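Every read-out reported here was derived from the displayed coordinates using simple, explicitly stated rules and does not represent laboratory data. The structure presented is a predicted model; accordingly, all values stated were derived computationally and were not measured. As a convention, Cβ positions derive from the backbone with ideal geometry for all residues, glycine included, and neighbour counts pool all protein chains shown.
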Amino acid sequence: MAIETIHLSQQAKEQLIKLKRITGVQTWNVLCRWGFCASLADPSVPAPAKIPADSSVEMTWKVFGGPYQEIYHAILKERCKRDGLGTDGETLGIQFKLHLHRGIGYLSALKKTANIADFLSTHLPFIEPSHKI
């Protein structure tokens, strides 16, 4: 596993703060998981970008993935294969960061969400509100 520590950009931090307020979810890792999955649901390859690690938000891969860290790793690896990319540690790290930040951006751009149930059912159909996250 090449991804050990995840550093977020200041923009992603501000977007996560907004998402925490809208959803009531108070943990960065859960919102980051949702963002990662939202980006993976988009069939396009994330545009290459230099994403600064200029915020105070960081977490380990273990915290990000929780008990599902191996599943997230396998999904990322499979996505890289599908996109015609390598699966070496450096490529996985870059693609993870791109997917994570793109997904956080997607989630923070969502409108007309009053509560967590609306948020999940309207914008994240791949997550059922009854699931523990």
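Out of every Cα-Cα pair that the range 1-101 contains, those further apart than 19 angstrom amount to 39 percent. I need the shape label for the range 1-50. Rule: rounded when a/c is under 1.5, else prolate if a/b > b/c, else oblate, with a, b, c from the alpha carbon gyration tensor. The shape class here is prolate.
Charge tally around residue 55: other residues with Cβ under 10 Å, Lys/Arg +1 each, Asp/Glu -1 each, net -2.
Within the shell of other residues whose beta carbon sits under 13 angstrom from the beta carbon of residue 45, the net charge comes to +2, with Lys and Arg scored +1 and Asp and Glu -1. Once you order the gyration tensor axes a ≥ b ≥ c over the Cα atoms, which shape class does the range 28-81 get: rounded for a/c under 1.5, otherwise prolate or oblate by comparing a/b with b/c? Oblate is the answer for the range 28-81, as a/c is 1.5 or above yet b/c matches or exceeds a/b. Within the same chain, aspartates and glutamates fewer than 8 places from residue 97 are excluded, and of the rest, those with a Cα less than 16 Å from its Cα are 4, 42, 54, 58, 78, 83, 88. Count Lys and Arg as plus one, Asp and Glu as minus one, and take only other residues whose Cβ is under 14 Å from that of residue 80; the net charge is then +1. Ranking 71, 31, 92 by Cα position along the charge dipole of the range 1-114, where only Lys, Arg, Asp and Glu carry charges on their C-beta atoms, puts 31 farthest toward the positive end.
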